[in-house]
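Everything on this sheet refers to the single structure shown next.
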Amino acid sequence: MRQRIAIFLVLIHCANAAAQIPTPPDFNLPDFGSPADTVMNKAQEAQIGRRVVAQLRNAGAIMEDPQVTEYIQTLGAQLAGHANDGTQSFEFFMVDDDAINAFALPGGFIGVNAGLILASETESEVAGVLAHEVAHVTQRHIARSLYDRQRSSILSIATMMAAVLFSMASDSRSNDAMSGILAAGQAATMQRQINFTRSNELEADRIGIGTLSSAGFDPSSMATFFEKLSRRFGSRSAPAFLLTHPTSPERIADARIRIRQLPPAVNIENSVSYEAVRARLEVLRAPRDDVALNIFQTRVEAGSDNVGDLYGLALSLSKTGLDDDAQRHYSDLIDAYPGIVAFRIGEAESLLQNRQITAALQRYADAMEISPRNVPLTTSYAEALILTGRPEIAHEILLDLLHNTSSPTVGLFRLIARAANAEGDVGNSHHYMSHYYASIGSFSDALNQIRMALESPGVDAVDLARFQSEFADLNVNMSSERRNRRSESMPREEPPRFSYP
């Protein structure tokens, strides 16, 4: 069952209007330290965000599709690079929810609902929302808004944020998921404390518009998207995004004035990646594969030559088992757009599903020559290698990717554990699963996996020493976690250290 996470809560940047510390409207000054640091510094913000993301992931609310994740991270990083002085890290992720929303968490964690991508018509509209959320982070709106709540522990704040997320799941028939995190009364209290503030929204608009322009997007897209959503939905059916980002004539006028002061946007078109991801989400979130196929067939037969519609048709053909037709469409797309990885992955997957194993693996190998260490491509290739009885090659290419990425995904840890297990390397399989559990904040499960790695047969001396070191680190982390839970303070900032063979 798909959980609709009503994310208007997680616009936590808008907490407690009475606590708002105003900033000059026309200046984006560097942070030389502020009174907000006395209640929550940047390290603590990161810990809160990490905790909430872990709980969202454990609840199945985060979409783990590698291609979708790659797109939103790439787009987000492009914008953050134009809005950030390098001292703030960011992590962007897609929420598996049809509601139109996006949100910023403390510490630079920014989520975008699938529904918002599907509601957009241009890439600049999506970029406008992300730029707005990035501004909330760089201006530290959450810490500033929580400044007067100095008696509340950081741990309690993080827990309440996650709890309200679960309490607002619109298709949930019970409070079981939430009750394990927090009592309902506490969640309601937190919900009342995270209302929007007008000054934060205006500041995020102003800074976000400048970010959009400098990053090469249409700066007017932010205002036009907000207006479009307001016209599309009445006040009674307004999406969560408008509840947390309320529009007003004054706000739109302010945005228009600032946009006129910037260089005019010229010939800004949607990227092929945007069109492909939007179509992919439409296919993935369709009630049935045949419904998606009918939608895209109708569009293409009506004369659409939009690359997203062509990709959506190929993808839905493959998902309904019509892989011969899918291959032809993918081949045409590759001829027209040879550098788009999604089309090469689609063709290889269709060949594999059609049991053309040699041809499929060759397509993957060719694509890897063009786009080495691309995460979606490498993971799809590795899955194909495991399925076709070549786990040792899968282990090798995944390990190379792990060594050369600064922020490995949880899916990467799971897949490399699967490859190692299929290869017969049981010790490292448990070792990789310990990384997976640590990355989602489940340190007790991570500790159990390392314990099983130590007890696995055939572990050599090098691996044994590495597992023992990680076991000790996890024990320290677990002890710190217990102490901090008892005192309601934050755990240590750094997660346990891991090394890879």
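Descriptive notes on the structure:
- Taking each residue of segment 86-109 that is in contact (Cβ under 8 Å) with a residue 12 or more places away in the chain and looking for partners that are in a loop (DSSP other than H, G, I, E, B) and among the basic types (K, R) with beta-carbon atoms closer than 7 Å, six or more apart or interchain, yields D96/R2; D97/R4; D98/R4; D98/R285; A99/R4.
- Check on V277, modelled with pLDDT of 95 or more and either surrounded by fewer than 21 Cβ atoms within 10 Å (Cβ to Cβ) or farther than 17 Å from I117 by Cβ (or both): no
- Qualifying residues in segment 62-86 (those that are at pLDDT 90 or above and not in a helix (DSSP H, G or I)) - the one farthest from E383 (Cα to Cα): I62
- Screening the candidates S124, S152 for the property of being modelled with pLDDT of 90 or more and either in a loop (DSSP other than H, G, I, E, B) or more than 19 Å from R57 (Cα to Cα) (or both) yields one hit, S124.
- Elements of type helices (runs of 4 or more DSSP H) contained in segment 263-322, each with 2 or more residues being among the acidic types (D, E): 272-284, 289-301
- Test set (1) assigned by TED's automatic domain parsing to the domain that holds L351; (2) farther than 21 Å from Y71 by Cα - Q468 fails condition number: (1)
- Enumeration of residues in segment 285-308 that are within 21 Å of the chain's Cα centre (by Cα) and crowded, with 18+ Cβ neighbours inside 10 Å: A286
- Counted residues, segment 323-358 - those being part of a loop (DSSP other than H, G, I, E, B) and either aromatic (F, W, Y) or in contact (Cβ under 8 Å) with a residue 24 or more places away in the chain (or both): 5
- Matching residues, segment 410-419, being under 14 Å from P391 (Cβ atoms) and either touching a Leu at 6+ places or on another chain (Cβ under 9 Å) or in the same structural domain as F93 (by TED's automatic domain parsing) (or both): L415, I416, A419
- Subset of segment 220-238 (residues that are under 28 Å from the mean Cα position of the chain (by Cα) and at pLDDT below 65): S237, A238
- None of S407, S316 is modelled with pLDDT under 95 and among the small types (G, A, S) except S407.
- Cβ-Cβ under 6 Å pairs, at least 6 apart or on other chains, segment 39-68 side surrounded by 19 or more Cβ atoms within 10 Å (Cβ to Cβ), far side polar (S, T, N, Q) and in a loop (DSSP other than H, G, I, E, B): V39/Q150; A61/Q3
- Pair list, Cβ < 6 Å and 6+ apart or interchain, from segment 362-373 residues that are surrounded by 13 or more Cβ atoms within 10 Å (Cβ to Cβ) to residues that are part of a loop (DSSP other than H, G, I, E, B): R373/N404
- Under the condition of being out of contact with any Leu (no Cβ under 8 Å at 6 or more places or on another chain), within 16 Å of E64 (Cβ to Cβ) and surrounded by 17 or more Cβ atoms within 10 Å (Cβ to Cβ), the residues counted in segment 394-409 number 1.
- Inside segment 323-361, residues that are out of contact with any helix residue (DSSP H, G or I) (no Cβ under 7 Å at 6 or more places or on another chain) and either crowded, with 16+ Cβ neighbours inside 10 Å or among the aromatic types (F, W, Y) (or both) make up a count of 1.
- Residue in segment 440-463 that is at pLDDT below 95, in contact with a Pro (Cβ under 9 Å, 6 or more places away or on another chain), surrounded by fewer than 17 Cβ atoms within 10 Å (Cβ to Cβ) and farther than 30 Å from V52 by Cβ present: yes
- Residue pairs whose Cβ atoms lie under 7 Å apart, separated by 6 or more positions or on different chains, with the first residue in segment 220-231 and in the same structural domain as A204 (by TED's automatic domain parsing) and in contact (Cβ under 8 Å) with a residue 40 or more places away in the chain and the second charged (D, E, K, R) and surrounded by 16 or more Cβ atoms within 10 Å (Cβ to Cβ), are S221/E125; M222/D205; F225/E125.
The values are calculated or read from the model by the stated rules, or taken from the named source; none is laboratory data. What you see is a predicted model; the values in this text were computed from it and never measured. As a convention, Cβ positions derive from the backbone with ideal geometry for all residues, glycine included, and neighbour counts pool all protein chains shown.
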